[in-house]
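The values are calculated or read from the model by the stated rules, or taken from the named source; none is laboratory data. These figures come from a predicted structure and were not determined experimentally. Note: ideal-geometry Cβ built from the backbone for every residue, glycine included; neighbour counts use all protein chains shown.
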There are 2 protein chains.
Amino acid sequence: MAKQIEDQEEAPAPRQGALIIIGGHEQREGRMTILNEVARRVGDGPIVVTTVASHQPEGYFEQYDRAFRELGVKEVVEMDIRTRTETSSEEKLRLLDGATGVFFTGGDQLRITSQMGDTPVMSRILDIYRKGGVIAGTSAGASAMCETMLVKGTSRESYRIGDLYMAPGLGLIQDVIIDQHFAERGRMGRLLGAVAQNPRMLGIGIDEDTAISVENGEEFRVLGSGAVSVVDGEGVTYSNIAEEREDRALSIYDVKLHILSHGDSFDLLRRRPHLNDS
Amino acid sequence: MAKQIEDQEEAPAPRQGALIIIGGHEQREGRMTILNEVARRVGDGPIVVTTVASHQPEGYFEQYDRAFRELGVKEVVEMDIRTRTETSSEEKLRLLDGATGVFFTGGDQLRITSQMGDTPVMSRILDIYRKGGVIAGTSAGASAMCETMLVKGTSRESYRIGDLYMAPGLGLIQDVIIDQHFAERGRMGRLLGAVAQNPRMLGIGIDEDTAISVENGEEFRVLGSGAVSVVDGEGVTYSNIAEEREDRALSIYDVKLHILSHGDSFDLLRRRPHLNDS
């Protein structure tokens, strides 16, 4: 993993395309506000749906294939990756030829990074992004987009010091930690824990059927039926995270919290929300 | 209910005693950090445990009776109230004679206020508080302490406008909205909704096995194994709560959030946390 990070440092992550980062359980039939935005950005090119995150990918592709075709995408390509060696194969690389979008389904974010990190397939995906394509991911596919990603941590309880597992992510978006299924799984505690570790990171918690559409890594807009919670630790005056026993509950004072919903925008550079203009 | 509020306005709630407000599921055997604090404050007098909140109060009293006796309380009195008329009876009033503490068990907060609001029993409980006694409540018994109390609202999802039911509470503590089982039931969304309705109210979300001990209505200290989330809407720059459709997710910008744990204190007048000194 160290090598992957070094590579990213040498060649900073590209900022020409769009990222659509989804909190899981987006509508795959009916109105499909979020997938419709992915489809719109894909335009005339093919979209590659990769089920690398899943141990049991069967059925996932079919759902997305049906949804994207209904939304007017002309070509939907399946890229199932079971082993890391497959990510160097010509056969897999050819699947990405001409693609204007890549979609990461849900599962386990460590499967995404351990199978794809620093591989020819991942380089090709970064190229697609660099050339203005859209990279979308839902659930585990959302978490994996960060430099440092949340892997595991308890839900539905307040954060306890030491109760969080993080790992290097794909690095498509900088200076943020993404969490998903956010309100539904009561994950405020663990996101606060992640931000307490280093307030340089802005915490972004995305609800189910909700997404952020990130432009140039500089600004995002909220889509979908739920909310996006933004946890800004810049003004934090105290936390006990480096002081206390591992089973101790976290104290953290003076966190700034924004809740955004459909149509709201957020400036990632200035760390400020914009008024809802939907 | 209107009459109850008027009465409270005429005679502002007393501020001489202590309130111990518990997020539910406090330990009732073993270490019992929270019940031990209740017992300490009760001192030599009897404590009255009222199960008015519960439709099926059987067994509740026995748990608290055993716990408080183990913690050195000399007399533990059961006050079961099934109907509103009972709250005027001499028999029930006599149960409170000489009591230095009253404990409200969990159940339904509307049972507490509809059965006890503006009754002789409730006046007697206010007298106990006024004379320096301790009033403690867990779960529904915690919510009921506010002027305006949270009754119902969805957990484990972001707040939707219109998705919250509030009612006049007992008015033992002013200018705050209490929520309980907080992290465990993912209730940040509904507490933010309550604060958005009127940022004059400070939102206080209390985890299970966690309590705040309130002195003179001016300051509280955190006890127990979880966290207390304080949501301060004073600096809010925007919310859509009065603008949008009822099924719309809430937007709210610039909320201040503090997470406090065991030993931390909070100044309710200045709305500031104190450093953990445990």
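Looking at (1) within 17 Å of A:Ile128 (Cβ to Cβ); (2) part of a helix (DSSP H, G or I); (3) touching a helix residue (DSSP H, G or I) at 6+ places or on another chain (Cβ under 9 Å), find the lone condition where A:Ala99 falls short.
(2) is the only condition that A:Ala99 fails.
With the range B:203-278 as the region, which strands (runs of 3 or more DSSP E) entirely inside it contain at least 3 residues that are facing chain A (nearest Cβ under 10 Å) and under 23 Å from A:Gly193 (Cα atoms)? Outline the logic, then answer.
Values: elements: B:210-215, B:219-224, B:227-232, B:252-261, B:265-267, B:272-274.
The qualifying strands (runs of 3 or more DSSP E) are B:227-232, B:252-261, B:272-274.
Report yes if some residue within the range A:26-34 is at pLDDT 95 or above, under 17 Å from the mean Cα position of the chain (by Cα) and in a helix (DSSP H, G or I); otherwise report no.
yes
Restricting to the range A:40-53, name every residue that is closer than 28 Å to A:His262 by Cβ and either surrounded by fewer than 23 Cβ atoms within 10 Å (Cβ to Cβ) or free of Cβ contacts under 8 Å to residues at least 24 places away in the same chain (or both).
Scanning the range A:40-53 gives A:Arg40, A:Arg41, A:Gly43, A:Asp44, A:Gly45.
When the range B:46-75 is examined, which residues are found to be in contact with a helix residue (DSSP H, G or I) (Cβ under 9 Å, 6 or more places away or on another chain) and either under 23 Å from B:Gly169 (Cα atoms) or small (Gly, Ala, Ser) (or both)?
Across the range B:46-75, the qualifying residues are B:Ile47, B:Val48, B:Val49, B:Thr50, B:Thr51, B:Val52, B:Ala53, B:Ser54, B:His55, B:Ala67, B:Gly72.
Would you confirm whether any residue within the range A:10-19 is surrounded by 14 or more Cβ atoms within 10 Å (Cβ to Cβ), at pLDDT 95 or above and not small (Gly, Ala, Ser)?
Yes - at least one qualifying residue is present in the range A:10-19.
Tell me the residue from A:Gly205, A:Gly189, A:Gly226 that is touching a Ser or Thr at 6+ places or on another chain (Cβ under 6 Å) and farther than 22 Å from B:Asp207 by Cβ, please. Reasoning before the result, please.
Details: A:Gly205 fails: farther than 22 Å from B:Asp207 by Cβ; A:Gly189 fails: farther than 22 Å from B:Asp207 by Cβ.
When all the criteria are applied, what remains is A:Gly226.
Filter the range B:189-202 for residues that are outside any strand (DSSP E or B) and in contact with a strand residue (DSSP E or B) (Cβ under 7 Å, 6 or more places away or on another chain); which is nearest to the other protein chains (Cβ to nearest Cβ)?
In the first step, residues of the range B:189-202 are kept if they are outside any strand (DSSP E or B); the result is B:189-201.
Of the ones still in play, those that are also in contact with a strand residue (DSSP E or B) (Cβ under 7 Å, 6 or more places away or on another chain) are B:190-196, B:201.
Working: B:Arg190: 10, B:Leu191: 11, B:Leu192: 6, B:Gly193: 10, B:Ala194: 13, B:Val195: 11, B:Ala196: 9, B:Met201: 16 Å.
For the range B:189-202, the residue satisfying everything is B:Leu192.
Any residue in the range B:49-69 that is assigned to a strand (DSSP E or B) and not polar (S, T, N, Q)?
The answer is yes; a qualifying residue exists.
Can you tell me which condition A:His181 does not meet? The list is (1) part of a loop (DSSP other than H, G, I, E, B); (2) more than 9 Å from chain B (Cβ to nearest Cβ); (3) farther than 29 Å from B:Ile161 by Cβ, and all the others hold.
The single condition A:His181 does not satisfy is (3).
What are the pairs, 6+ residues apart or on separate chains, where a residue within the range A:151-173 that is within 14 Å of another protein chain (Cβ to nearest Cβ) has its Cβ under 8 Å from a residue that is of a type in the set (A, V, I, L, M) and assigned to a loop (DSSP other than H, G, I, E, B)?
A:Arg156/B:Ala183; A:Glu157/B:Ala183; A:Ser158/A:Leu250; A:Ser158/B:Ala183; A:Tyr159/A:Leu250; A:Arg160/A:Leu250; A:Ile161/A:Ile241; A:Ile161/A:Leu250
For the range B:115-145, which residues satisfy the criterion of being touching a residue at least 40 places away in the same chain (Cβ under 8 Å) and either under 19 Å from B:Gly203 (Cβ atoms) or in contact with a His (Cβ under 7 Å, 6 or more places away or on another chain) (or both)?
B:Gly137, B:Thr138, B:Ser139, B:Ala140, B:Gly141, B:Ala142, B:Ala144, B:Met145
For the range B:179-212, what are the residues that are closer than 14 Å to B:Asp232 by Cα, small (Gly, Ala, Ser) and within 17 Å of the chain's Cα centre (by Cα)?
If the condition is that a residue be closer than 14 Å to B:Asp232 by Cα, small (Gly, Ala, Ser) and within 17 Å of the chain's Cα centre (by Cα), then B:Ala194, B:Gly203, B:Gly205 are the ones that fit.
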